1. Could you check, for region 224-234, whether at least one of its residues is over 23 Å from CYS146 (Cβ atoms), hydroxyl-bearing (Ser, Thr, Tyr), surrounded by 13 or more Cβ atoms within 10 Å (Cβ to Cβ) and modelled with pLDDT under 95?
2. Hey, among the residues in region 252-281 that are more than 16 Å from the ligand (Cβ to nearest atom) and over 25 Å from PHE20 (Cβ atoms), which one's modelled with the lowest pLDDT?
3. Take the conditions within 16 Å of the ligand (Cβ to nearest atom) and either under 30 Å from THR72 (Cβ atoms) or surrounded by 16 or more Cβ atoms within 10 Å (Cβ to Cβ) (or both) and apply them to LEU43. Does it pass?
4. Restricting attention to region 122-153, report how many residues are under 11 Å from ALA334 (Cα atoms) and open to solvent by 50 Å² or more (accessible area, probe 1.4 Å).
5. Under the condition of being touching a strand residue (DSSP E or B) at 6+ places or on another chain (Cβ under 7 Å) and not aliphatic (A, V, I, L, M), which residue from region 12-39 is farthest from the ligand (Cβ to nearest atom)?
6. Out of (1) at pLDDT below 90; (2) open to solvent by 10 Å² or more (accessible area, probe 1.4 Å), the odd one out for ILE326 is which?
7. What are the residues in region 154-184 that are touching a residue at least 60 places away in the same chain (Cβ under 8 Å) and open to solvent by 20 Å² or more (accessible area, probe 1.4 Å), if any?
8. Got at least one residue in region 313-322 being open to solvent by less than 40 Å² (accessible area, probe 1.4 Å), modelled with pLDDT under 95, of a type outside the set (Val, Ile, Thr) and out of contact with any Pro (no Cβ under 7 Å at 6 or more places or on another chain)?
Amino acid sequence: MIPRLKPYLGLAELLAAISFSDKDDVEEFEKAFAEAMGQKHALAFPYGRTGLLLLLQALGLKEKEIICPAYTCVVVPHAIVYSGNIPVFVDCEPNGFNMDLEKAEQAITHRTAAIIATSIFGYPVDLDRLDKIRQHYSNVLIIQDCAHSFAAEWKGRPVQREGIAAIFGLNISKILTSVFGGMITTDDEELHKKLKALRDRRLQKPTWKKSFRRLLYLLAVYLTFWGPVYGMINRLERSGMLNHFVKYYDHSKINMPEDYLDVMCNLEARVGLANIRSYGKIISNRRKAAEYYFENLGNQDARLRKQKAESRCLNTETCGLKPSFILPSKVDGATYSHFVVRVSDRDAWLKWGIEEGIQLGWLVEYNIPEMIVYGGYGPASFPFAAEYARRTINLPVWGGEKIAEKVVKVIRRSGVA
Ligand SMILES: *Cc1c(COP(=O)(O)O)cnc(C)c1O
């Protein structure tokens, strides 16, 4: 069975987890992370969402509107709400998964304090468009959400550097992992000082029990993703086993994990530090897999796509187009945390994939404003996000060309692409 995601965890990370040092591992990891992202400072947190929460507070924002994508990880608005601010959702752009920056600009009011610009699935935010907003509204802060993208580039400009700060997530489903964990990077000296002081005041040292639990979790991850075991586990996955590892939200509540105010564990920092050494390899695997899909799944669908774009039609059934398999766009500088294909019947695809030995992902599978806690809007209010939430699948990209080749063979056999 080919898993839908697989953290890049090898012997180095395992040894790092079980080795002990008297150095401050978290600080080491921060230094290496800042350097890898080309930024002056990085600060570690137990989760990316904790970083965002404290960042908004360090920036002194309260009862302000924070513009963010409707189609993003739900922990983002959760952190905004926890910080005492108000998330304002914006739909995706018509031909991509990122937030529509035209609509984001229209959403700015006198209460807007920040825009969270997310490079979802590793697609870099359009920095040319973002520059215009920054020129018109110099008082609105830009926070880059790089949890999916890490160092994605827009026309050669790394996105993480284009704002007051950038946030990153480091759980096992992300491009880089430190078991759990998150980072904030910034080039702003004053913000760095403030955020560090706030963090050191608000976060408490984890207990040894927690570090031990993290170790057990990591060992379970190794075991789960070990080839012979994964096939077996996959049967359990259908009843939610893998979800147990990567589940991070509850649709009915705005909440945070119990330990969201703990300092990142040293063990996690050591794993992250080992993992970051493979950053180049990890990204190149993803890009190669994406390239392979672009080349080999052809685009006999280009015609359909064009037709669709022209008619601006979102629903393949009602506009009379054939049910289709629509490849995502190819963008230079994207890091492809996910390779996201639009299909007309997701459930059928997921089921078919399992039968063929390929686990297909389905992320992000919700449109946040549709959740009751975020207003319970109908799908028509955010049509693109609603469409993507319902009709996308992810092809595995973690394994470079080798895995992509296997997946393409199976898809070709099916006659879809
Ligand atoms: C994962 C993720 C985060 C941070 O998530 P945590 O689980 O809190 O580390 C933030 N934004 C996006 C888009 C994400 O996918």
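1. There is at least one residue in region 224-234 that is over 23 Å from CYS146 (Cβ atoms), hydroxyl-bearing (Ser, Thr, Tyr), surrounded by 13 or more Cβ atoms within 10 Å (Cβ to Cβ) and modelled with pLDDT under 95.
2. Only one residue tops the list, namely SER252.
3. Yes: the conditions hold for LEU43.
4. Our first condition is that a residue be under 11 Å from ALA334 (Cα atoms); within region 122-153, this holds for 122-125, 148-153.
Checking which are open to solvent by 50 Å² or more (accessible area, probe 1.4 Å) leaves us with 153.
Adding up the residues that qualify gives 1.
5. GLY38
6. Only one criterion in (1) at pLDDT below 90; (2) open to solvent by 10 Å² or more (accessible area, probe 1.4 Å) is unmet by ILE326, namely (2).
7. Within region 154-184, the subset touching a residue at least 60 places away in the same chain (Cβ under 8 Å) is 154-156, 158, 160-161, 164-184.
Selection gives TRP154, LYS155, GLY156, PRO158, ARG161, ILE164, ASN171, SER173, LYS174, PHE180.
8. Yes: region 313-322 contains one or more residues that are open to solvent by less than 40 Å² (accessible area, probe 1.4 Å), modelled with pLDDT under 95, of a type outside the set (Val, Ile, Thr) and out of contact with any Pro (no Cβ under 7 Å at 6 or more places or on another chain).
The values are calculated or read from the model by the stated rules, or taken from the named source; none is laboratory data. Bear in mind that the values here come from a model prediction, so they are computed numbers and not experimental data. When we count neighbours, we look across all protein chains shown, and the Cβ atoms used for this are built from the backbone with ideal geometry, even at glycine. Ligands, DNA and RNA are stripped out before the accessible areas are found, and what is left, the full protein with its side chains, is counted by its heavy atoms. Shrake-Rupley method; radii C 1.70, N 1.55, O 1.52, S 1.80 Å.
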